[in-house]
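Here is the structure we will look at.
Rule-based calculations on the coordinates, nothing more; no lab input. Owing to the predicted nature of the structure, the values given are computational and were not obtained by experimental measurement. Every residue, glycine as well, gets a Cβ built from its backbone with ideal geometry; the counts of neighbours run over all protein chains shown.
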Amino acid sequence: MDFLELLVLAVEALRRNLGRTLLTMLGIIIGIASVITIISLGSGSTESIVGSISSFGTNVLTVSPGKSERGPGQQTGGAVTTLVSSDAEVLMNLDNISGVSRVISKSKTITADSESTSAQISGVDASYVEINNLTLVRGQFLTESDVLGGTKDVVIGDEVVEELFGEDALDYVIGETVRIDGRVFQIIGITEESSAAYIPITTAQNFLFGQTSLDSISLYLIDVDLVDDTILDV
C-alpha cells in the first residue's frame, strides 16, 4: 500500500468520525492554550513583582496589614488584619531576612519659630536607614538607644530643613528643635533629597501618635532570588 492509498484511507476515517475528530482537535487546542496562558501569567507576575522591588529597593520587602508587597502597590501575600510589634519579631527569625523595621507613618505639620511645613512623619527602628538605603548629609540616624528610650529625637529631610530654616541652614540645624503637632523634638540628622522626617517607633507609638499597631514592616532580604519563598513564609 503506497502513501497515496494510506492518505485516502486516513481522510475517509476522519470523515466517518468527524464529530470525534473535531472534539479531539478542540481538546488539543484548549490544552495548548491553557499551557500558554499559565506560562504567560507566571512570567508576567514575576516581571511585575521584580520591577516593583527594583524600583523600591532590590532587597526590600514591605508587609502591610491586609497584604504583602514587593515595592509600592504589588500585592503578594495573604490577608492580615493588623500588624503589631510581635509580628516584626517573628519575621526577623525567617531564614532569608537580615533586617526588620517597624513603621508607623502620618502626615503632620512641623514648625520652627514662625515657619511651618507638612511632612510625612515616620516612626521607625534604627535599622530603617540601612534597609531603605537612606543617605545622611548631616548628623546621624536614630540609634537602638533612641528606640529603647523613646527619645524625642528627629531626623528630617533636607527639603524640610530648607522650608523651615532657609537654603543655607544645613550646617547649623543639628541640635535645633522643631515642633511636630506641638511636641518638641531635637534634630539629630538630615537625610538627602527628602521631605520626610523620622522619629523612634516607640516615641511614635507612645508619645506622638498614640498607636500601638503598625502601618507596615520593612524587611531586608539576604537573597533576592529567594523572594518568592520568603513571601510564602511571611
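So if I place +1 on the C-beta of Lys and Arg and -1 on the C-beta of Asp and Glu, and nothing else carries charge, what would the dipole magnitude of region 83-224 be about its Cα centre? I want it in debye, nearest 20. Please list the in-between numbers first.
Working: 7 positive and 23 negative charges, 125 e Å.
The calculation lands at about 600 debye.
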Between the DSSP loop rule and a limit of at most 11 other Cβ atoms within 10 Å, which GluC sites (Glu not before Pro) in region 145-175 are left? E167
How long are the semi-axes of the ellipsoid equivalent to region 75-234, from square roots of 5 times the Cα gyration tensor eigenvalues, in whole Å, largest first? 30, 17, 13
